[in-house]
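To start, the structure itself, in structure tokens.
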């Protein structure tokens, strides 16, 4: 019973959502600004996503998974690499969805919003289960 209550009371998912919203606002703002400047929509999406990822790492590692950030050195470099890899997977999904929508002459802003939902789900699972595993692992012995 206690592990379930502890998980319910954990504010980490809400903090992650807040960080994601902030990074998303940066992402979409950069995307929209570039798209309005006649940059190809898929490229604008990729650039916006990349800037959003930088914001996400800075905020996630300090506000969400601070207890799971690896010590400086090789372990931190590996963690940053895994974070970047999860971001690249999300970027690939986002860029592909927006690119296909553009190719089909669909509304690319709506496609971007759909891509955000798909990418968010993918990257959250990867980060919670792999990148910051130590911080998000839910082990019964930790509640003894």
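With respect to being buried (at least 19 other Cβ atoms within 10 Å of the Cβ) and either at negative phi or out of contact with any strand residue (DSSP E or B) (no Cβ under 9 Å at 6 or more places or on another chain) (or both), residue 48 fits the description.
Does residue 132 meet the test of being under 18 Å from residue 20 (Cα atoms) and modelled with pLDDT under 95? Here the answer is yes, as residue 132 does meet what is asked. Just to check your reading of the model, which residue among 104, 82 is farther than 18 Å from residue 30 by Cβ, at pLDDT 95 or above and either surrounded by 16 or more Cβ atoms within 10 Å (Cβ to Cβ) or more than 13 Å from the chain's Cα centre (by Cα) (or both)? From the options 104, 82, the qualifying one is 104. Listed residues 34, 43, 63, 122; which is within 12 Å of the chain's Cα centre (by Cα) and assigned to a helix (DSSP H, G or I)? Only one candidate passes the filter, namely 122. I'd like to know if the range 68-79 contains one or more residues that are in a helix (DSSP H, G or I), surrounded by 12 or more Cβ atoms within 10 Å (Cβ to Cβ) and touching a residue at least 60 places away in the same chain (Cβ under 8 Å). The answer is yes, given that some residue of the range 68-79 is in a helix (DSSP H, G or I), surrounded by 12 or more Cβ atoms within 10 Å (Cβ to Cβ) and touching a residue at least 60 places away in the same chain (Cβ under 8 Å). Taken over the range 107-125, residues that are buried (at least 18 other Cβ atoms within 10 Å of the Cβ), closer than 15 Å to residue 23 by Cβ and modelled with pLDDT of 85 or more amount to 4.
The values are calculated or read from the model by the stated rules, or taken from the named source; none is laboratory data. Source: prediction; values computed, not measured. All Cβ positions, even for glycine, are placed from backbone atoms using ideal geometry, and neighbour counts span all protein chains on display.
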